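One structure below.
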Amino acid sequence: MNRKEFLGKSIQAGMIPLAINGFGLKAFADSPLIQFLNKAGNEDRVLVLVQLNGGNDGLNTVIPLDQYSKYYSARTNIAIPENKVLSLSGNAATGLHPSMTHINNLFSDGKIGIIQNVGYPNQDFSHFRSTDIWLTASDANKNEDTGWMGRYLDTKFPGFPTGYPNATHPDPPAIQIGAMISPALQGSEMSMGISITDPSNFYQFINGTVDPAPNTPMGHELTFIRLVAQQTQQYAGSIKSAADKVVNKSTKYPTAGTNTLADQLKIVARLVAGGLKTRVYMVSLGGFDTHATQVVAGSTDTGTHATLLSRISAGVDAFQDDLKLLSIEDRVLGMTFSEFGRRIRSNDSLGTDHGAAAPLFLFGKKLNGGIYGKNPFIPDSPSGGDNIPMEFDFRSVYATVLKDWFEVSDTDLQLVLKSNFPSIPFVQTGSTSLQENDAFQSLSLVCYPNPTQDFVNIQFIGLNQMVQISLFNQEGKELMPICNELYDGAKHEIRVDTRSLASGVYYIQMIQAGKRQSKKLVVSH
């Protein structure tokens, strides 16, 4: 039995629970996307990941005003009244849920990015499996036993945890604030972070030695566990030291205990400002599995979902205000994610069922703020099984954060994601601008004839970049890879035989220059 197997069998979910003055400290607790730190070139930058557990209803979060009549028809019992939707600055076609006033203001200030229709091919629709896919960056038909950033950190922290902390790496690689989210994101040996609740209750660590253990295979593993426990105590000391150096400055935080997300983000701001060298923080907010009573009948802008979105909005706003007052706003990038979205049609219980793609929010001063992608396509008469088509693979978001925020090399990027994914220009870099974002948005994909019987012509501009085109069904299942190769900057056309397809609605999706575009294709024999 190797060390990894021993830990997996001995400690549920790969965690070692410790009690410190009545306060829970979990050694290397798993936290989604936990391991981004110590990248070459930008070691002062921090990533904050916000997991929205349960599958957020993106269609009631970012509302397609340009298709409002079809949106309302598809979910009459939960649709947000058009006159209550918050208008986004510079974008009359899209609005936000009325509970997101603070996010709307940050959007106007250029500190919010919205990536539309994020998901992955062949959506699983299972909370457990879909979360696992997001955490490991695996394909839907593959299982990975290492996390996507665990793979990266294996190259940066050889032999971890032996020899850590040290003078170069005195602080934990990553920190999860609050309860454990999932037993995921392993490196080849173990997870790379710790989980804490309130650092103000941390005790100053006791610097002890590892007690001797029997010279047996199990004794060696016991020594390893004791080493990790001692290491966790040492990290507890550095965390408390950082927390003691500063106090939060923003007055916008809600009263403690009334907004758990804001409470977690408040701790993150304090630790970053206190000088902790941790590069990745994970926080979470649950309750998004809204199969029933998502809204209040007759008052659809209120209810469970509205409360959750207001907590995101208020929490992120207070956090950004705090970062600015603490003079660390340039160093922090935030990102929300959820395992999937919800169906286009609502159900009869004032709720929504498991769906596919959904919008993803980014927040920070160093963003190219705005909307990436198009409003989701809503059919004229969607069935109960219809989903939002995916436009962006979530791994393109990861690739951008790794490459543009943390300046990870192309070699390490390939090692982490195990495939090439185009980036999206949402991070301010020397070569990225708002004008580049405008050009990014203008890329087009043409499919004709449409409707079609025997064939369809797919037309696009190559841009001297890799182009990936596939055919998907309405459930988001990939039916046919069409191309995956480099095309020059001329106009190109591919002819696809559709005679083997049953009559119905399909989607042609293209990845190019960091953008995933979708076109509806109707086959009628």
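Things to note:
- Per the listing 81, 173, 165, the residue uniquely more than 30 Å from residue 379 (Cα to Cα) and either at pLDDT 95 or above or touching a Leu at 6+ places or on another chain (Cβ under 6 Å) (or both) is 173.
- Condition met for residue 195 (modelled with pLDDT of 85 or more, of a type outside the set (Val, Ile, Thr) and either farther than 28 Å from residue 311 by Cβ or out of contact with any Phe, Trp or Tyr (no Cβ under 7 Å at 6 or more places or on another chain) (or both)): no
Residue-wise test of (1) of a type in the set (Ser, Thr, Tyr); (2) more than 20 Å from the chain's Cα centre (by Cα); (3) open to solvent by 10 Å² or more (accessible area, probe 1.4 Å).
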position	(1), (2), (3)
255	yes, yes, yes
258	yes, yes, yes
270	no, yes, yes
275	no, yes, yes
280	no, no, no
287	no, no, yes
293	yes, yes, yes
296	no, yes, yes
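- Residues in region 450-474 that are touching a Phe, Trp or Tyr at 6+ places or on another chain (Cβ under 9 Å) and open to solvent by 70 Å² or more (accessible area, probe 1.4 Å): 464, 465, 466.
- Residues that are of a type outside the set (A, V, I, L, M, F, W, C), open to solvent by less than 10 Å² (accessible area, probe 1.4 Å) and in a loop (DSSP other than H, G, I, E, B) do occur in region 67-83.
- Residue match in region 306-321 (condition: assigned to a loop (DSSP other than H, G, I, E, B), modelled with pLDDT of 95 or more and among the β-branched types (Val, Ile, Thr)): no
- Flag if residue 392 is aromatic (Phe, Trp, Tyr) and open to solvent by less than 10 Å² (accessible area, probe 1.4 Å): yes
- Some residue of region 311-324 being open to solvent by 20 Å² or more (accessible area, probe 1.4 Å) and more than 23 Å from residue 80 (Cβ to Cβ): yes
- Contacts under 7 angstrom Cβ, first residue in region 256-271 being in contact (Cβ under 8 Å) with a residue 40 or more places away in the chain and of a type in the set (Gly, Ala, Ser), partner open to solvent by 10 Å² or more (accessible area, probe 1.4 Å) and not in a helix (DSSP H, G or I), 6 or more apart: 262/253; 262/254; 269/248; 269/326
- Candidates in region 92-112 are the residues that are open to solvent by less than 10 Å² (accessible area, probe 1.4 Å) and part of a loop (DSSP other than H, G, I, E, B); of these, the one that is farthest from residue 311 (Cα to Cα) is 97.
- Residues that are among the polar types (S, T, N, Q), part of a loop (DSSP other than H, G, I, E, B), at pLDDT below 85 and open to solvent by 50 Å² or more (accessible area, probe 1.4 Å), drawn from region 424-449: 431, 442, 444
- Selection from region 237-277 of residues that are closer than 11 Å to residue 48 by Cβ and either touching an Asp or Glu at 6+ places or on another chain (Cβ under 6 Å) or among the polar types (S, T, N, Q) (or both): 264, 269
- Selection count where residues are in contact with a Gly (Cβ under 8 Å, 6 or more places away or on another chain), among the hydroxyl-bearing types (Ser, Thr, Tyr) and not in a strand (DSSP E or B), scope region 354-397: 1
- Count of region 408-423 residues which are farther than 21 Å from residue 135 by Cβ and assigned to a loop (DSSP other than H, G, I, E, B): 2
- Complete set of residues in region 90-112 that are of a type in the set (S, T, N, Q) and farther than 22 Å from residue 391 by Cβ: 99, 101, 104, 105, 108
- Each residue in region 324-341 was checked for being of a type in the set (S, T, N, Q) and more than 30 Å from residue 127 (Cα to Cα), and 1 pass.
- Condition met for residue 251 (on the phi < 0 side of the Ramachandran plot and β-branched (Val, Ile, Thr)): yes
- Neighbours by Cβ (under 8 Å, 6+ apart or cross-chain): first from region 44-59, within 15 Å of residue 115 (Cα to Cα); second basic (Lys, Arg): 56/342; 57/342; 58/342; 59/75; 59/342
- Here residue 104 meets each of (1) more than 18 Å from residue 314 (Cβ to Cβ); (2) modelled with pLDDT of 95 or more with one exception, condition (1).
- Odd one out for residue 42, checked against (1) at pLDDT 95 or above; (2) open to solvent by 10 Å² or more (accessible area, probe 1.4 Å): (1)
- Filtered residues of region 475-488 (kept if surrounded by 15 or more Cβ atoms within 10 Å (Cβ to Cβ) and more than 17 Å from residue 140 (Cβ to Cβ)): 482, 483, 487
The values are calculated or read from the model by the stated rules, or taken from the named source; none is laboratory data. All of these numbers come straight from a predicted model, not from anything done at the bench. Ideal geometry is used to build each Cβ from the backbone, glycine not excepted, and the neighbour counts take in all protein chains shown. Please note that ligands, DNA and RNA were not included when accessible areas were found on the heavy atoms of the full protein model with its side chains. Shrake-Rupley method; radii C 1.70, N 1.55, O 1.52, S 1.80 Å.
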